[in-house]
Structure formats: C-alpha cells, structure tokens
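What follows is one structure encoded as structure tokens, with my remarks underneath.
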Amino acid sequence: MLDFKSLTEIKIEKPDFLCGEIIKKCWDSVSKPIDGLGDFENLICRIGAIQRRNTPDISKRAALIFCADNGIVEEGVSQSGKEITLSVAKALGSGISSACHLGRFAKVEVIPVDVGIDSSENISGVVNKKVARGTRNFLKDPAITKEETILAIDAGISEVKELSEKGYRIIATGEMGIGNTTTSTAVLCAMLGIDVGVTGRGAGLSDEGLGRKKRVIQEGISRYSFDKINEPKERAFEILRCVGGLDIAALAGAFIGGAIYHIPMVLDGVISSAAALVAEALLPGVKYYLIPSHKGREKGNELALNALGLSPFLNGNMALGEGTGAIMLFPTLDMVMDYYEHGARFEDYNIDKYERFGK
C-alpha cells in the first residue's frame, strides 16, 4: 500500500542519454543542414533516451484524461457549475468530446478516468477510479485528505503501469474539472512563490470574476502557511493536498508512473504543468520524462515549464483543455519521426554530409 514515505522513496532512473546521442548522430546522416529541424530533432532524441531505444516507438499512444470536481467552485471562480464536469466526462466516454475528435485524427486513444466527479453514476466509457466525490472548498478546509491525495497519485501511477503493460509507448495527459484553473494556479503560485497576478480567466471570466478568483487563490495560499514547511517533498505534498485537486494529484501520479515505466509523458496546459511541478518536487528526476506540448493562454503554464527547464513546441494561444494541446502535438511528431526513419541520406544524393562543429 502506497503511503507518503514509500512514495517519496521511489527510485527514478535517468533516461539513457547514450541512446539520445546515437539518435543525434543518425539525424546528422539525413540530407539536411545540421540541426535543420531544430528542437524537433532533439525531441526525437529525448523520446529515444526515455524509451531506451535507438529508434523511438510512438506507434501506440493514448491520452489519459483525469476527471474530477472541485469544491472551490462554490466561491464563484468559474463561469459554469460543476455539473459541466459530468456532462463533458460523458462526452469523453461516448467519444464525442473535443479531445476524442482530435484524438481520432491524431491516432491517439482517449482514455477518460473518473478520479473525483461529484456523482455516483458509473459513466459508460470512463474508467472508474473515483477517490471521492469532488474536493472540499479550500477556503474552509484542505481540499483533500492525505489518504485521498495518495490514492489519487496511486491511481495515476497504476493507469500508466496498465498502459505500459498493454504496449503503449507514449502517453498524452489532460483533465476535465470545472474550477481546476483555480486549483492549478493556487498550486503553481504556492510552489513557485509567485504573485496571483498570473491568474487567468479559465473558460472565460469577466473582470469581476477574475478579481474574485485572484482573491480566492491568495486567501487560500495564505490560509495554509506553506512557507513554514522547510522540507521540499512535504511542502509539495501539502500544497497539493490543501489547495490542489484530485485530477492534479492523479496527473502527478501519472508523471511519476512515466518515470517508473520509461514512458514519455506529454503535458497539456497549466493544470498538467502544475501537476508536473509537484511530481518533480516529490521525486526529482521526473522532469526528464516530460514533453511539453504547447504554451497555452494561461500565463502560469509558461512559468511552470520554465521552472522545469522545458520549452513548449506549439504556440497557438490555446485554452481548450481535455488534453487537446497535448494531442495536437502528435501529427507533427509523426511527420518528424517519419522523416527521421525514411528521409534521404547524404549517400542517396552522392554529396558530402555536413560536419558538426562545436557544441
């Protein structure tokens, strides 16, 4: 049974960077200028290093979408009510949501997971790993208990384990839960010690609503005195527990699972990036297994990625959620991977290859 001690004692191996170097040399044999595809060449190297393969395998992929409700919604921090979480989860389960539509084109299997929807309904097409029926209002009580936090993290780890055993080689991540730009921004601000001015409008708040959202986040962070906790792992866990959510905890677990089972994990927007910060704080080294997809509209996303030393590959001003930004990376990734495997080599042109000089 997982607990805080056993969680933080998990050993994270670094990717096999030698595989990445071998892939880089293979890139240099493709008939093009050195580093001609820039960051996308390094992305293939990164995936190979994570998978410990000289030829990365991205043929079987999934998107894990963790669904949960947030008690903080009762403070008026969202334009819509929590009933929307259940409605969108049903759309995910039936294959008609935004993520499902984009996923079919990108050949990504969308797997929605209920870790905390405020409903007793067993939703068709949705994996049931419910920990609780939503979280508490963090202005009144910690959002989730220690046991619930561990259970949600474990749910994320186990989902990645199951997919790994089924042959999935790369996993995108996402979430669905009204109010989770509030919880993720609270986590982000507390983790990085930054001002709540980075708070975004989420699904579309008015100026008045945005002001209220900022006040709620500031009050929540102040309530729990996280700055008095000196141990980094304990501090990250308490931030997640007190102002986070079940979806964020499950995402953190999924990222830990990716590091355990050597699966590249594609981040979506600010919610998954906030979860990634927590996962990295709990188990340093998780960040090596993460692939950022897009910059996103929420300011906090870029700040979180910067803190992790990651740079997004897409910049489309997106704020759709459901892991859609992560899914949208795959068509480009497929194109780059095809070029790596099948692009003409210098010998095909009967010309001398470019030489790599310096770093």
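Since every read-out is calculated from the coordinates, none of them should be taken as a lab result. Because the structure is predicted, anything quoted here is derived from the model rather than measured. For neighbour counting, all protein chains shown are included, and Cβ atoms are generated from backbone atoms with ideal geometry for every residue, glycine included.
For this structure, a couple of remarks:
- The residues of segment 1-16 that are surrounded by 14 or more Cβ atoms within 10 Å (Cβ to Cβ) and hydrophobic (A, V, I, L, M, F, W, C), listed by number, are Leu2, Phe4, Leu7, Ile10, Ile12.
- A Cβ distance below 7 Å, combined with a sequence gap of six or more or placement on separate chains, defines the contacts here; from segment 264-287, residues that are under 23 Å from Pro56 (Cβ atoms) reach residues that are of a type in the set (Phe, Trp, Tyr) and surrounded by 24 or more Cβ atoms within 10 Å (Cβ to Cβ) in the pairs Pro264/Tyr289; Met265/Phe255; Met265/Tyr289; Ala276/Phe255; Ala279/Phe255; Val286/Phe255.
- Where a residue in segment 289-311 is under 21 Å from Arg201 (Cα atoms) and without any contact (Cβ under 8 Å) to a residue 40 or more places away in the chain and its partner, wherever it lies, is among the small types (Gly, Ala, Ser) and surrounded by fewer than 23 Cβ atoms within 10 Å (Cβ to Cβ), with Cβ under 7 Å and at least six apart: His294/Gly316; Gly296/Ala319; Leu305/Ser311
- Residue in segment 286-304 that is part of a helix (DSSP H, G or I), closer than 23 Å to Lys214 by Cα, in contact with a Ser or Thr (Cβ under 6 Å, 6 or more places away or on another chain) and among the aliphatic types (A, V, I, L, M) present: yes
- When Ile351 is tested against (1) in a helix (DSSP H, G or I); (2) touching a residue at least 60 places away in the same chain (Cβ under 8 Å); (3) out of contact with any Asp or Glu (no Cβ under 7 Å at 6 or more places or on another chain), only condition (1) is not met.
- Residues in segment 224-252 that are within 16 Å of Pro142 (Cα to Cα), touching a residue at least 60 places away in the same chain (Cβ under 8 Å) and in contact with a Leu (Cβ under 7 Å, 6 or more places away or on another chain) were compared, and the one that is surrounded by the fewest Cβ atoms within 10 Å (Cβ to Cβ) is Phe237.
- Those residues of segment 62-87 which are buried (at least 24 other Cβ atoms within 10 Å of the Cβ) and either basic (Lys, Arg) or under 20 Å from Thr173 (Cα atoms) (or both), in sequence order: Ala63, Leu64, Ile65, Phe66, Cys67, Ala68, Asp69, Asn70, Thr85
- Residue in segment 99-154 that is surrounded by the most Cβ atoms within 10 Å (Cβ to Cβ), counting only those that are closer than 21 Å to Thr182 by Cβ and among the hydroxyl-bearing types (Ser, Thr, Tyr): Thr135
- Near pairs, Cβ below 6 angstrom, 6+ apart or cross-chain, from segment 317-331 (touching a residue at least 24 places away in the same chain (Cβ under 8 Å)) to any residue that is surrounded by fewer than 24 Cβ atoms within 10 Å (Cβ to Cβ) and part of a helix (DSSP H, G or I): Leu320/Ser98; Glu322/Ser98; Thr324/Ser98; Thr324/Leu102; Ile327/Leu102; Ile327/Ala106; Phe330/Ala106; Pro331/Ala106
- Note on segment 198-211: residues that are assigned to a helix (DSSP H, G or I) and touching a helix residue (DSSP H, G or I) at 6+ places or on another chain (Cβ under 7 Å) amount to 1.
- Counting only helices (runs of 4 or more DSSP H) wholly contained in segment 1-80, the ones carrying 3 or more residues that are in contact (Cβ under 8 Å) with a residue 12 or more places away in the chain and not hydroxyl-bearing (Ser, Thr, Tyr) occupy 17-29, 39-51.
- Total residues in segment 48-60 satisfying the condition of being surrounded by fewer than 24 Cβ atoms within 10 Å (Cβ to Cβ) and either more than 27 Å from Ser158 (Cβ to Cβ) or within 21 Å of the chain's Cα centre (by Cα) (or both): the figure is 7.
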